[in-house]
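**Q** Supplied in structure tokens, the structure appears directly below.
The values are calculated or read from the model by the stated rules, or taken from the named source; none is laboratory data. From a predicted model like this one, the values you see are computed outputs, not experimental measurements. Cβ placement follows ideal geometry from the backbone for every residue including glycine, while neighbour counts extend to all protein chains displayed. The protein model used for the area step is the full one, side chains on, heavy atoms only, and it has no ligands, DNA or RNA in it. Shrake-Rupley method; radii C 1.70, N 1.55, O 1.52, S 1.80 Å.
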Amino acid sequence: MIDRVLVTGGAGFVGSNLVRLLLERGYAVRVLDNFARGRQAYLQGLDVEIVEADIRQAEAIGGAFAGVDRAVHLAALGSVVESIEDPVTNFESNVLGTFNVLRAATEAGVERLVFSSTGGALIGNATPPVNENSLPRPISPYGAGKLCCEAYCHAFAHAYGLPTVATRFANVYGAYSDHKQGVINQFFRRIQAEQPMVIYGDGSATRDYIHVDDICRGLLSALTLDLSTPEVIHLASGEETSLATLAGYFKEISGQPDHPIEFADRRPGEVERNFATYDRAREVLGFHPEISLREGLAMTWDWLCQRNLDE
Ligand SMILES: NC(=O)c1ccc[n+]([C@@H]2O[C@H](COP(=O)([O-])OP(=O)(O)OC[C@H]3O[C@@H](n4cnc5c(N)ncnc54)[C@H](O)[C@@H]3O)[C@@H](O)[C@H]2O)c1
């Protein structure tokens, strides 16, 4: 029986949504976070145990795994652009940090660890749709680090008997994300400030956008279902959306159909086209996304507006 779940990075965007779902389902939840990016305020009023620690420090995190049945490892630095500017910090947090988490989970006898990997950044510039059989060729330190962590997850499962599942997220959006620097927040902030939305490139670059509630349902299944681990599973919408289309949705949702767009140079390390199929997730986890992009963006817009009012 699963009783206590540890969520590393539980004060971040995906984490604070997942913690809510786990509590709703009756699990005792412990969060490990150093609050470098996430916010204490996201967890305010929730019945969770909080361990403030840094996964880069092996000796500081062992205690957080005591009495934990299963764990979801989300703590990481999530920016492709930042990983190019500072690959050392990205390596220490994401690769060394994950190595420390795997060791601590093994030592504590954790029954299963679900790792948060990435689709686009890990695969690189392959012709989409990608799936679990696509050959990974990362083009950023962030993507390379996540691939390395998947390898360690697989190795720890075989060498030390720590069951692991690596879930590769598409581009996630939704509530508890106002600290994020991605395109969704950028469009929101620019519209609110009556400034043009900025598109890097000509607007034809594509992504696979998935609502955080769908990701959390996938994570819960990966955590709790009877699986033969280790597994690598894409959690994606299966739909390809260009930046120009995304900007169009924002114009519509904000009620400003003529809001201007400014085009800037493409940024290195960012893949041109990406979307993934979720056939494996459907087969193994019974996963299918429930929230359409148009609907999810409207929900996110409302949440960000409300958040602005609160501040
Ligand atoms: N959001 C996405 O679109 C997306 C896509 C693919 C993969 N992912 C992965 O999902 C995970 C969660 O992403 P997110 O969007 O919630 O990011 P986030 O930045 O909101 O959350 C990450 C959390 O980890 C914490 N953290 C960072 N470094 C730490 C450290 N050294 N020690 C302890 N805690 C640390 C941060 O404070 C933050 O609360 C990450 O591993 C990310 O790489 C996210």
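**Q** Give me the dipole magnitude in Debye, nearest 20, for segment 234-297 about the Cα centre, with unit charges on the beta carbon: positive for Lys and Arg, negative for Asp and Glu.
**A** Details: 7 positive and 12 negative charges, 22 e Å.
With Lys and Arg at +1 and Asp and Glu at -1, about 100 debye.
**Q** Which value in nm describes the separation of the simple spin-label points at residue 202 and residue 107, placed 7 Å from the Cα toward the beta carbon?
**A** 5.4
**Q** Let me ask something else. Per the Debye formula with a single identical scatterer at each Cα and no solvent contribution, what log10 I(q)/I(0) holds for the chain at q = 0.12, 0.16 Å⁻¹?
**A** Computed log10 I(q)/I(0) values: -0.77, -1.41.
**Q** Given a 1.4 Å probe and every protein chain left where it sits, what share in percent of the accessible area of the chain is carbon and sulfur? Present the calculation step by step, with values, prior to reporting the outcome.
**A** On the way: 6410 of 13510 Å².
Within the chain, the accessible surface is 47 percent carbon and sulfur.
**Q** Could the peptides 139-152, 59-72 be put in order, highest first, of the mean number of other beta-carbon atoms found within 10 Å of their residues? Can you show the working numbers first?
**A** Details: 139-152: 22.4, 59-72: 19.3.
Put in order of decreasing packing, that is 139-152, 59-72.
**Q** When 1/r is averaged over all different Cα pairs and the result inverted, which Kirkwood radius in Å belongs to segment 1-149? Mind showing how you got there, number by number?
**A** On the way: mean 1/r = 0.0632 Å⁻¹.
Every distinct Cα pair counted, the radius reaches 15.8 Å.
**Q** If you put +1 on each Lys and Arg Cβ and -1 on each Asp and Glu Cβ, how big is the dipole of segment 7-139 around its Cα centre, in Debye rounded to 20? Intermediate values should be presented prior to the final figure.
**A** Numbers: 10 positive and 15 negative charges, 63 e Å.
Roughly 300 debye for segment 7-139.
**Q** What is the local net charge at residue 221, summed over the other residues whose Cβ is closer than 14 Å to its Cβ (Lys, Arg +1; Asp, Glu -1)? Could you put the intermediate results ahead of the total?
**A** Working: positive: 25, 70, 112, 217, 280, 282; negative: 213, 214, 226, 231, 283, 290.
Cβ neighbours under 14 Å give a net charge of 0.
**Q** Now for a separate question. How would you order 26-39, 283-296 from highest to lowest mean count of nearby Cβ atoms within 10 Å? Please list the in-between numbers first.
**A** Working: 26-39: 20.0, 283-296: 16.1.
For the peptides 26-39, 283-296, the packing ranking is 26-39, 283-296.
**Q** Taking the Cα centre of segment 93-217 as origin and charging only Cβ (+1 Lys, Arg; -1 Asp, Glu), how large is the dipole, in debye to the nearest 20?
**A** Working: 10 positive and 10 negative charges, 34 e Å.
Computed about the Cα centre, the dipole is about 160 debye.
**Q** On to the next question. Using only Cα atoms, locate the centre of segment 163-198 and the centre of segment 253-311, then give the distance between them in Å, rounded to an integer.
**A** 7
**Q** Any idea what the relative contact order of the chain is, in percent, if you count C-alpha pairs under 8 Å spaced at least 6 apart?
**A** On the way: 628 pairs, mean separation 57.1, N = 311.
So the answer I get is 18 percent.
**Q** Local charge sum around residue 185 (other residues, Cβ-Cβ under 12 Å, Lys/Arg +1, Asp/Glu -1)?
**A** Overall, the nearby charge balance is +3.
**Q** Please report, to two decimal places, log10 I(q)/I(0) for segment 1-76 at q = 0.12, 0.18, 0.23 Å⁻¹ as given by the Debye formula with identical point scatterers on the Cα atoms and no solvent.
**A** The Debye formula, applied to the Cα set alone, gives -0.27, -0.61, -1.01.
**Q** So, one more: How much of the calculated P(r) for segment 139-212 lies past 18 Å, in percent of all Cα pairs?
**A** Numbers: 1636 of 2701 pairs.
I get 61 percent for the Cα pairs in segment 139-212 exceeding 18 Å.
**Q** Any number yet on Rg/Rh for segment 214-311, C-alpha, Kirkwood? Walk me through the numbers before you get to the answer.
**A** On the way: Rg = 17.3 Å, Rh = 16.3 Å.
So for segment 214-311, dividing Rg by the Kirkwood Rh gives 1.06.
**Q** On average, how much accessible surface per residue is there in the chain, in Å², for a 1.4 Å probe, leaving out ligands, DNA and RNA?
**A** That works out to 43 Å² per residue.
**Q** In a shell of Cβ-Cβ distance under 12 Å around residue 88, excluding residue 88 itself, what net charge do Lys and Arg (+1) and Asp and Glu (-1) give?
**A** Numbers: positive: 56; negative: 82, 85, 86, 92.
Net local charge, residue 88 excluded: -3.
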